[in-house]
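Structure first, then comments.
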Amino acid sequence: RSVSAWRLPDAMIMSTKPVAHQVVPGAGGAESAAAEDGAVRSRDSLFHWCGTADAIRTTPSRPAKQAILDAYFVAVAEETVAPAARFFTGAFFAPTDSETRRIEGTLVADAIRELARGGSDGFPRRRKKPSDIASVAADVFAGRLPSGIAMSEVDDWANDLTAAADAEAQRRLVGEMLARLSSLEARYVVQLIVGDLDIGLDATDIEGALEARHASSGGERRPDRRRN
C-alpha cells in the first residue's frame, strides 16, 4: 500500500499548534471524556499552564507573548484565572496566606532524590548545574505523561504547602506532588515553589490579558465549573 494509505487518523496526529491553542477532544466532542460530569478540561490543567508558560518564555516578541497570554485567559474557566494569573507573575503562594514565599531548594532536592530511579546514588549524576533544581526535576521525571491535575487543585496544594508546620511536612507535600507530574510540569512547579520563575512577563501583561478576557465575555463573570 502507498504511504498515504497508512496515514494516521487526524485525532492521533500531534498538533503543530502551540500548546496554548490545543484542545484534546473526548467523546461527542467534549473537552474530556466526561466533561459533562464536571471533569477537568485540558485547557484548565496544570500541563496547559506549563505549556503556555514555556511558549511565552521562548517567544522573544512582546506582542507575541501577549497574544499567547490573551489566548490562554480567554479559553480557561473562571476557577483557573486567579491561580494562573498569580503563577504567571512568578508568585506561587497567595500573598495573604503566610510570610512564606518560597521553598528551600535543598528541601526540593531531597524530595526529588527520594523519587529518583536508582535511589540517591544516581541522583547527583543527573545534575547538569547544581543550582538548577528545576532542570534536575525535568530530567528525573522525563517520559511521564501529563498529570491531568487542575490549576484549582494546584492552588489548593499551594495553600496546604503554605500551612505546613515544618520542613518535613513541606518535603512530604512536595514529594507527593512531584510524584504525579510530568517532566514539563515538574520543571515549572519547582521554579515556582523555589521562587525562580522568569518567563518575561510583568504585571501589566497579566492585567492586559485579564482585560481581554473580561471584554470577550461581555463584562460578565463566567461560572465556576467546580462542584460544591
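The values are calculated or read from the model by the stated rules, or taken from the named source; none is laboratory data. Computed from a predicted structure; not experimentally measured. Cβ sites come from the backbone with ideal geometry, for glycine too, and all protein chains shown count toward neighbours. What goes into the accessible areas is simple: the full protein's heavy atoms, side chains included, and nothing from ligands, DNA or RNA. Shrake-Rupley method; radii C 1.70, N 1.55, O 1.52, S 1.80 Å.
Can you pull the accessible area of Ser45 for me, 1.4 Å probe, Å² to the nearest 10?
10 Å²
Could you list which residues have their amide H under 5 Å from that of Ala150, counting only those 5 or more apart in sequence or on another chain, with H placed in the peptide plane?
Result for Ala150 returns Leu46.
I'd like the Karplus ³J(HN,Hα) series for the stretch 80-90: coefficients 6.51, -1.76, 1.60, θ = phi - 60°, whole numbers in Hz, and an x wherever there's a Gly or Pro.
8, 4, 4, x, 4, 4, 5, 5, 4, 7, x
Arg180 versus Asn159, label points 7 Å from Cα toward the beta carbon: distance in nm?
A separation of 1.5 nm, rounded to one decimal place.
Return the long-range amide H neighbours of Ser182 (sequence gap of 5 or more, or a different chain), with a cut-off of under 5 Å between placed amide H atoms.
Ser147
Extension gain Glu78-Arg102, at 0.36 nm per residue separation less the Cα-Cα distance, in nm?
Between Glu78 and Arg102, full extension yields 6.0 nm more.
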